[in-house]
Amino acid sequence: MSDTWLPSEEDPRTITDQPRGERAVVEGYLRHYRKTFELKLQGLDPTQLAQRSVPPSSMSLLGLLRHLAGVEQSWNVRALQGRHDAPRLASSGTDRDDDFDGAEGTQECVDQAWADWRREVADAEAWLAGDDYDRVVDVRGDEIEVRDVVVHLVEEYARHCGHADLLRECVDGRTGQ
């Protein structure tokens, strides 16, 4: 179909071997949603990436990219690594919408957002490869298992891929697959 991202034979998310076991399945879904999100932003210029949704929302594809970089960093660095004092990405600490409000349609802002997201994803993947799903971590006073963090990340990406799908359709009419 002409309005989808890629012809199905070019889709890099194609699974050739069905994963087996909890870790392989859950992390497979996370990789799939990360790649899906990345695909939904391809081919757009800074102005298109920063295009806002409907008022009063400040949501944009660029804002989502910045948000997900912060999500990756928060869950990996703060929750899994226990570095609760690490400075947050794209956040002043006083406005929870800094990642969206600060999404400017400039090449510099786009380049920084992609660099942050790619770095945080790579760091999270590296950390998680050596972590134990049964390990308990502190998240704002609650004790949860590492597996809960990973499942939450799958949930977060799934939700925001839906947002990205709608935002992309508003920008240029393309719909997701």
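For residue 139, the residues whose modelled amide H falls within less than 5 Å of its own, excluding neighbours fewer than 5 places apart on the same chain, are 144.
Quantify, in whole percent, the carbon and sulfur part of the accessible surface of the stretch 41-126 (1.4 Å probe; protein heavy atoms only). Here it works out to 50 percent.
Given +1 on the Cβ of Lys and Arg, -1 on the Cβ of Asp and Glu, and no further charges, what dipole in debye does the stretch 19-177 carry about its Cα centre, rounded to the nearest 20?
On the way: 20 positive and 31 negative charges, 88 e Å.
Dipole magnitude for the stretch 19-177 comes out near 420 debye.
Applying 1/(1 + (r/R0)^6) with R0 = 25 Å to the Cβ-Cβ distance of residue 104 and residue 132, what FRET efficiency is obtained, to the nearest 0.05?
Details: r = 40 Å, r/R0 = 1.62.
Efficiency for this residue pair is about 0.05.
Using the average count of surrounding beta-carbon atoms within 10 Å as a protection proxy, the listed peptides 153-162, 138-147 rank, highest first, as 153-162, 138-147.
Provide the net charge surrounding residue 61, with neighbours chosen by a C-beta distance below 14 Å and charges set as Lys +1, Arg +1, Asp -1, Glu -1.
Values: positive: 40, 52, 66, 168, 174; negative: 38, 45, 99, 104, 165, 169, 172.
Surrounding charge for residue 61 is -2.
In plain terms, the C-alpha convex hull of the stretch 28-148 casts an average shadow of 8.2 nm² when viewed from every direction.
With θ taken as phi - 60° and the Karplus curve 6.51 cos²θ - 1.76 cosθ + 1.60 applied, the whole-hertz 3J(HN,Hα) list for the stretch 102-118 is x, 7, 9, x, 10, 4, 4, 5, 5, 4, 5, 4, 5, 4, 4, 4, 5 Hz, x standing for glycine and proline.
Find how much the distance from residue 123 to residue 22 grows on full extension, using 0.36 nm per residue of separation minus their present alpha carbon separation; answer in nm with one decimal.
Gain in length upon complete extension: 34.3 nm.
The values are calculated or read from the model by the stated rules, or taken from the named source; none is laboratory data. On a predicted model such as this, the values are computed, not experimentally measured, just so you know. All Cβ positions, glycine included, derive from the backbone under ideal geometry; neighbour counts span all protein chains shown. Each accessible area value is taken on the protein alone, full model and side chains, heavy atoms only, with ligands, DNA and RNA left out. Shrake-Rupley method; radii C 1.70, N 1.55, O 1.52, S 1.80 Å.
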